[in-house]
Amino acid sequence: MHPAFLYLPGGRLTAPELSAARLDGHLVELGEGYIPADLVESRSARAAAVAILIPADTAASGPTAAWIHGAGDAPPARHHIRRAVQRRIRPAVPARVTLHDTALPASDLVWIGGVPVMTPARTMTDLALGLYRDESLRRWMVLLADVDPHLVCEAITYLDALSRVPGKRAGRGALERLRVRTT
């Protein structure tokens, strides 16, 4: 998506001007900004709309990555990012963003609209692994499976390759139930 189609508050237009354009039907909200009402909401548009929340050396993960990949209509209330480099970092993150301080290998990253995002299969796997801590992740798993049902089998395969990971048993069970639902 071309950056000219994304309007962020305080950029070319102020927040009140953007709100007025939304009320007039010219713009629609998308993530942290607005896009023209007649623009197709794509993965690159979603990624660009939350790019300001993803600091350097991090990548969108969890529900944020699921939303970027097409899951759901609205972005998550709390965004998730993960370290995308091997070295430790200390980024300044807004209160609405959760930083997961475990390194993400380059093979599990895809660049969408200039923003590093966790791959769909790895996103599904991480959502499943996090279920034992946060049951609300199940909603994002279902929404992501609706986008691509094959992700469930890919996540099961990915999960089976892992050893001694917290939440593996619960996550695998949830993925198995989801696979039965999607087939």
Quick one: compute the contact order of segment 53-160, relative version, from alpha carbon pairs under 8 angstrom and 6+ residues apart, as a percent.
29 percent
For ARG96 and ALA37, extending 7 Å from Cα along the Cα-Cβ vector and measuring point to point gives, in nm, a value of 2.3 nm
Between helix 120-129 and the chain, what is the angle of the helix's C-alpha long axis to the longest principal axis, kept within 0 to 90° and rounded to the nearest 10?
60 degrees
Tell me which GluC sites (Glu not before Pro) from segment 95-183 have a DSSP coil assignment and no more than 11 other beta carbons within 10 Å of their own.
GLU135
Suppose a student asked you for the relative contact order of the chain, using Cα pairs under 8 Å spaced at least 6 residues apart; what percent would you report?
17 percent
One would report the antiparallel percent of DSSP beta bridges in the chain, rounded to the nearest 5, as 70 percent
What are the ³J(HN,Hα) values, in whole Hz, obtained from phi via the Karplus relation 6.51 cos²θ - 1.76 cosθ + 1.60 with θ = phi - 60°, for each residue of segment 135-147 in sequence order, with x given for Gly and Pro?
5, 5, 5, 4, 4, 5, 4, 5, 5, 5, 5, 5, 6
Rg and Dmax in Å for segment 120-179, alpha carbons only: what are they?
9.9, 29
With θ taken as phi - 60° and the coefficients 6.51, -1.76 and 1.60, list the Karplus ³J(HN,Hα) couplings across segment 90-102 in order, rounded to whole Hz; mark glycine and proline as x.
9, x, 7, 10, x, 4, 7, 10, 9, 9, 9, 8, 10
For ALA106 and ALA15, what does the FRET efficiency come to when R0 = 35 Å and r is the distance between their Cβ atoms, rounded to the nearest 0.05?
0.40
In whole percent, what relative contact order does segment 37-105 give with Cα contacts below 8 Å and a gap of six or more residues?
30 percent
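Only the coordinates and a few stated rules stand behind these numbers; no lab work does. Since the model is a prediction, treat every value here as computed from it, not as a measurement. Cβ: placed from backbone, ideal geometry, glycine included. Neighbour counts: every protein chain shown.
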